[in-house]
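The values are calculated or read from the model by the stated rules, or taken from the named source; none is laboratory data. Keep in mind the model is a prediction, meaning the values are calculated, not measured. Note that each Cβ is placed from the backbone with ideal geometry, even for glycine, and that neighbours are counted across all protein chains shown.
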Amino acid sequence: MATTEKLLIEVATHLSGRPVISVRVQEPPWNNMSGACWKTMGFKAVIDVNPGANNPLRTFLHECAHLKFDWPAMDPTDLWKAEPGSLKILDETRKQLNALPRENKADAQAGTWARYAIEACWRYQGDNVFEKQLNSLLNYSE
(Lines give C-alpha, C1' and ligand atoms only; values in the text may rest on other atoms or scores of the structure.)
Protein backbone atom coordinates (compact mmCIF):
# COMPACT_ATOMS: atom_id res chain seq x y z
CA MET A 1 0.00 0.00 0.00
CA ALA A 2 1.40 3.39 -0.97
CA THR A 3 2.39 5.85 1.74
CA THR A 4 -0.23 8.39 0.67
CA GLU A 5 -2.97 5.74 0.75
CA LYS A 6 -1.99 4.72 4.29
CA LEU A 7 -1.94 8.36 5.30
CA LEU A 8 -5.40 8.95 3.82
CA ILE A 9 -6.77 6.00 5.80
CA GLU A 10 -5.11 7.22 9.02
CA VAL A 11 -6.49 10.75 8.57
CA ALA A 12 -9.98 9.52 7.67
CA THR A 13 -10.05 7.26 10.72
CA HIS A 14 -8.75 10.02 12.99
CA LEU A 15 -11.15 12.72 11.79
CA SER A 16 -14.28 10.59 11.45
CA GLY A 17 -13.77 8.34 14.45
CA ARG A 18 -14.85 5.43 12.23
CA PRO A 19 -13.01 2.29 11.11
CA VAL A 20 -11.86 3.29 7.61
CA ILE A 21 -10.36 0.41 5.64
CA SER A 22 -9.91 2.04 2.25
CA VAL A 23 -9.67 5.43 0.56
CA ARG A 24 -9.83 4.93 -3.19
CA VAL A 25 -8.84 7.65 -5.62
CA GLN A 26 -11.34 6.76 -8.32
CA GLU A 27 -14.72 7.82 -9.61
CA PRO A 28 -17.40 6.56 -7.22
CA PRO A 29 -19.82 3.95 -8.55
CA TRP A 30 -22.37 6.70 -9.20
CA ASN A 31 -21.47 8.54 -12.37
CA ASN A 32 -20.17 12.10 -12.19
CA MET A 33 -19.90 12.27 -8.40
CA SER A 34 -16.96 14.01 -6.71
CA GLY A 35 -16.91 11.59 -3.81
CA ALA A 36 -18.80 9.00 -1.82
CA CYS A 37 -18.50 7.08 1.41
CA TRP A 38 -19.86 3.73 2.40
CA LYS A 39 -20.53 1.55 5.42
CA THR A 40 -19.64 -1.97 4.33
CA MET A 41 -21.54 -5.08 5.37
CA GLY A 42 -18.70 -5.61 7.86
CA PHE A 43 -19.36 -2.17 9.40
CA LYS A 44 -16.13 -0.67 8.07
CA ALA A 45 -15.86 2.52 6.01
CA VAL A 46 -14.74 3.04 2.41
CA ILE A 47 -14.24 6.46 0.80
CA ASP A 48 -14.07 7.21 -2.91
CA VAL A 49 -12.54 10.47 -4.13
CA ASN A 50 -12.88 11.24 -7.81
CA PRO A 51 -9.44 12.27 -9.14
CA GLY A 52 -11.28 14.74 -11.39
CA ALA A 53 -12.86 16.56 -8.43
CA ASN A 54 -12.24 20.33 -8.33
CA ASN A 55 -10.61 20.06 -4.90
CA PRO A 56 -9.68 16.47 -3.98
CA LEU A 57 -8.61 17.40 -0.42
CA ARG A 58 -11.90 19.16 0.25
CA THR A 59 -13.83 16.24 -1.29
CA PHE A 60 -11.94 13.77 0.90
CA LEU A 61 -12.64 15.84 4.01
CA HIS A 62 -16.32 16.20 3.05
CA GLU A 63 -16.63 12.41 2.91
CA CYS A 64 -14.82 12.10 6.27
CA ALA A 65 -17.39 14.50 7.73
CA HIS A 66 -20.23 12.33 6.41
CA LEU A 67 -18.70 9.35 8.20
CA LYS A 68 -18.38 11.40 11.39
CA PHE A 69 -21.94 12.72 11.40
CA ASP A 70 -24.01 10.27 9.35
CA TRP A 71 -22.53 6.88 10.33
CA PRO A 72 -25.39 5.84 12.66
CA ALA A 73 -27.96 6.41 9.90
CA MET A 74 -25.92 4.76 7.14
CA ASP A 75 -27.11 1.32 6.10
CA PRO A 76 -24.44 -1.30 5.41
CA THR A 77 -24.15 -1.95 1.67
CA ASP A 78 -22.13 -3.66 -1.03
CA LEU A 79 -22.70 -0.83 -3.55
CA TRP A 80 -19.11 0.32 -3.02
CA LYS A 81 -18.04 -2.81 -4.94
CA ALA A 82 -19.68 -1.60 -8.17
CA GLU A 83 -17.41 -0.46 -11.00
CA PRO A 84 -16.52 3.26 -11.05
CA GLY A 85 -19.17 5.29 -12.85
CA SER A 86 -21.33 2.24 -13.50
CA LEU A 87 -24.39 3.40 -11.57
CA LYS A 88 -26.34 6.16 -13.25
CA ILE A 89 -27.81 8.97 -11.20
CA LEU A 90 -30.12 11.56 -12.69
CA ASP A 91 -29.09 15.21 -12.47
CA GLU A 92 -32.35 16.04 -10.68
CA THR A 93 -31.69 13.35 -8.07
CA ARG A 94 -28.14 14.65 -7.59
CA LYS A 95 -29.48 18.18 -7.05
CA GLN A 96 -31.97 16.92 -4.47
CA LEU A 97 -29.27 14.99 -2.61
CA ASN A 98 -26.93 17.99 -2.63
CA ALA A 99 -29.69 20.18 -1.14
CA LEU A 100 -30.06 18.02 1.99
CA PRO A 101 -29.00 19.65 5.30
CA ARG A 102 -26.41 16.93 5.88
CA GLU A 103 -24.49 18.22 2.84
CA ASN A 104 -24.18 21.70 4.37
CA LYS A 105 -23.04 20.18 7.67
CA ALA A 106 -20.41 18.06 5.91
CA ASP A 107 -19.26 21.07 3.86
CA ALA A 108 -18.89 23.21 6.98
CA GLN A 109 -16.82 20.56 8.76
CA ALA A 110 -14.70 19.95 5.66
CA GLY A 111 -14.02 23.69 5.51
CA THR A 112 -12.87 23.75 9.13
CA TRP A 113 -10.53 20.81 8.55
CA ALA A 114 -9.22 22.24 5.25
CA ARG A 115 -8.39 25.59 6.85
CA TYR A 116 -6.55 23.81 9.65
CA ALA A 117 -4.57 21.71 7.14
CA ILE A 118 -3.56 24.78 5.12
CA GLU A 119 -2.59 26.77 8.21
CA ALA A 120 -0.69 23.95 9.96
CA CYS A 121 1.08 22.18 7.10
CA TRP A 122 4.11 24.48 7.24
CA ARG A 123 5.26 22.56 10.34
CA TYR A 124 6.02 19.48 8.25
CA GLN A 125 9.04 18.86 6.05
CA GLY A 126 8.93 17.67 2.47
CA ASP A 127 7.94 18.87 -0.95
CA ASN A 128 4.54 17.20 -1.18
CA VAL A 129 2.08 19.84 0.08
CA PHE A 130 -0.84 17.39 0.00
CA GLU A 131 0.97 14.93 2.29
CA LYS A 132 2.03 17.79 4.59
CA GLN A 133 -1.63 18.84 4.86
CA LEU A 134 -2.66 15.26 5.63
CA ASN A 135 0.04 14.94 8.29
CA SER A 136 -1.14 18.14 9.94
CA LEU A 137 -4.68 16.73 10.14
CA LEU A 138 -3.42 13.81 12.22
CA ASN A 139 -2.88 16.38 14.98
CA TYR A 140 -6.29 18.01 14.65
CA SER A 141 -8.41 17.86 17.78
CA GLU A 142 -11.73 19.43 18.65
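Scanning the stretch 64-73 for residues that are in contact with a helix residue (DSSP H, G or I) (Cβ under 8 Å, 6 or more places away or on another chain) and not small (Gly, Ala, Ser) yields Cys64, His66, Leu67, Lys68, Phe69, Asp70, Trp71. Can you tell me which residue among Ala110, Ala99 is modelled with pLDDT of 95 or more and farther than 17 Å from Trp30 by Cα? Answer to the selection: Ala110.
Table: residues versus (1) crowded, with 21+ Cβ neighbours inside 10 Å; (2) within 12 Å of the chain's Cα centre (by Cα); (3) on the phi > 0 side of the Ramachandran plot.
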site	(1), (2), (3)
Trp38	yes, yes, no
Met41	no, no, no
Lys44	no, no, no
Asp48	yes, yes, no
Leu57	no, yes, no
Leu61	yes, yes, no
Ala65	yes, yes, no
Asp70	no, no, no
Met74	no, no, no
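Looking across the stretch 64-74 at every residue that is part of a helix (DSSP H, G or I) and free of Cβ contacts under 8 Å to residues at least 40 places away in the same chain, the one that is nearest to Ala117 (Cα to Cα) is identified as Asp70. Identify all residues within the stretch 19-36 that are crowded, with 22+ Cβ neighbours inside 10 Å and either within 20 Å of Glu142 (Cβ to Cβ) or more than 10 Å from the chain's Cα centre (by Cα) (or both); write none if there are none. Passing the criteria: Val20, Glu27, Pro28.
Quick grid of which residues meet (1) of a type outside the set (Val, Ile, Thr); (2) at pLDDT 95 or above; (3) under 18 Å from Ala82 (Cβ atoms); (4) not in a helix (DSSP H, G or I):
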| residue | (1), (2), (3), (4) |
| --- | --- |
| Glu5 | yes, no, no, no |
| Thr13 | no, yes, no, no |
| Ile21 | no, yes, yes, yes |
| Pro28 | yes, yes, yes, yes |
| Met33 | yes, no, yes, yes |
| Ile47 | no, yes, yes, yes |
| Asn54 | yes, no, no, yes |
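One line per residue, one yes/no per condition, for (1) under 17 Å from Gln133 (Cβ atoms); (2) touching a residue at least 40 places away in the same chain (Cβ under 8 Å):
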| position | (1), (2) |
| --- | --- |
| Ala12 | yes, yes |
| Arg24 | no, no |
| Gly42 | no, no |
| Val46 | no, no |
| Gly52 | no, no |
| Trp80 | no, yes |
| Ser86 | no, yes |
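Looking only at residues in the stretch 87-127 that are among the aromatic types (Phe, Trp, Tyr) and assigned to a helix (DSSP H, G or I), the one that is surrounded by the most Cβ atoms within 10 Å (Cβ to Cβ) is Trp113.
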